[in-house]
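For reference, the structure is listed below as structure tokens.
The values are calculated or read from the model by the stated rules, or taken from the named source; none is laboratory data. Computed from a predicted structure; not experimentally measured. Backbone-built Cβ (ideal geometry, glycine too); neighbour counts: all protein chains shown. The protein model used for the area step is the full one, side chains on, heavy atoms only, and it has no ligands, DNA or RNA in it. Shrake-Rupley method; radii C 1.70, N 1.55, O 1.52, S 1.80 Å.
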Amino acid sequence: MSKDDVVINHYQKTSLLEEILAACGTSTPTLDQLSAFDEFHVGRGEATSYLGILMELTAGMNVLDAGCGAGGAARHMASRYGVNVSGIDLTPSFIDTARKLSEITAMEDKTDFVCGSVTDMPFEEAQFDAAYSIHVGMNVSDKASFYNEVRRCLKQGGMFAIYDICGHQSQMKFPMPWSAAAEDSAVLAAGDVQALLENSGFTVLYQEKRREFALESLSKPRAMRETGKLEKAAPPVYMEDFAKKTSNLIDGLDDDVCSPWIFICR
């Protein structure tokens, strides 16, 4: 099985759209109603908004979402900052869901989505004013090709923002939300990510470790774990083995062996 197949199998969920709509309690949710269910990263919409601010996005920009998932961040960025977002993701059910949710929320004119790999993207050279990637690098072992592809697709001077989990993979407990086993995970230390970005021709303008933010964002599942309720929880739209994966992530944050990091590059 190829590395791409491993990633697709980990995330593919044919009932994703139905589960998101059921969680929203309506077949025609608003963007606000969707916000808790269509962004699959630590901090969800709050983290996305912060990244958009750091990117200095302005209305009319053409923006690449590299590893768009179900399109929640793309719709968020398009709605909040007035940009046009093109998303790409490896998992077919994510792309199908992203397209349908954008249609439901009347965001299809501001967002578009294609199925494919971030290491070989079907976009033209210098097509985008800016790009971002949210919780994607943990599933991309060939980060050099990934970052080179983003650079190819960006206009001269374009901004690239990353919000990823970084850390010491050998010290982490698996499964994690992004991977069932360590051999299928591609987490690197923050310094290694910075070096790869610089080798790909980017200048890293700003970086930030967001461990405290992550701990605060995960305070509710932590409380559920401490009262024995996390194992019994069956939250909608989440990954398989939710309790175990979330618990391992909390432990990793507690032990400071992993943390979300932001990199802002040009």
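Over the Cα atoms of the chain, compute the convex hull volume and normalise it per residue, giving Å³. Show your work: numbers first, answer last.
Values: hull volume 30.4 nm³, N = 266.
Dividing the Cα hull volume of the chain by its residue count gives 114 Å³.
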Check: How much of the accessible area of the chain, probe 1.4 Å, is carbon plus sulfur, in whole percent?
Finding: 48 percent
Next item on the list: Once you have the Cα-Cα distance between Q12 and R80, take 0.36 nm times their residue separation minus that, and quote the gain in nm to one decimal.
Entry: 21.7 nm
Next item on the list: Mind checking the per residue accessible area of the chain for me, 1.4 Å probe, whole number of Å²?
Entry: 44 Å²
Next item on the list: May I have the extent of the alpha carbons of the range 152-266 along their three principal axes, as whole Å values ordered from largest to smallest?
Entry: 51, 26, 26
Check: What is the gain in length, in nm to one decimal, between T58 and E231 on full extension, counting 0.36 nm per residue of separation less the C-alpha to C-alpha distance?
Finding: 58.0 nm
Checklist line | For the range 67-211: relative contact order, % (alpha-carbon pairs under 8 angstrom, 6 or more apart) | finding: 19 percent
Item checked: DSSP bridge pairs, the chain: antiparallel proportion in percent, nearest 5 -> 40 percent
Notebook entry, point to check: Can you give the Rg to Rh ratio of the range 66-191, both from alpha-carbon atoms, with Rh computed by the Kirkwood formula?
Noted result: 0.98
Notebook entry, point to check: What residues qualify as long-range amide H neighbours of F113, i.e. H under 5 Å apart, gap of 5 or more or another chain, H built at 1.01 Å from N?
Noted result: G87
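Just the ratio, please: alpha-carbon radius of gyration of the range 1-159 over 2.2 N^0.38 Å, N its number of residues.
It is 0.98.
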Notebook entry, point to check: How many Å³ per residue does the convex hull of the Cα positions in the range 1-53 occupy?
Noted result: 102 Å³
Check: Which value, to two decimals, describes the C-alpha radius of gyration of the range 1-92 once divided by 2.2 N^0.38 Å?
Finding: 1.15
Notebook entry, point to check: When ranked by the protection proxy of mean other Cβ atoms within 10 Å per residue, highest first, what sequence do the peptides 39-45, 57-63 form?
Noted result: 39-45, 57-63
Next item on the list: Give the value in nm², to one decimal: projected area of the alpha carbon convex hull of the range 40-114, averaged over all directions.
Entry: 4.4 nm²
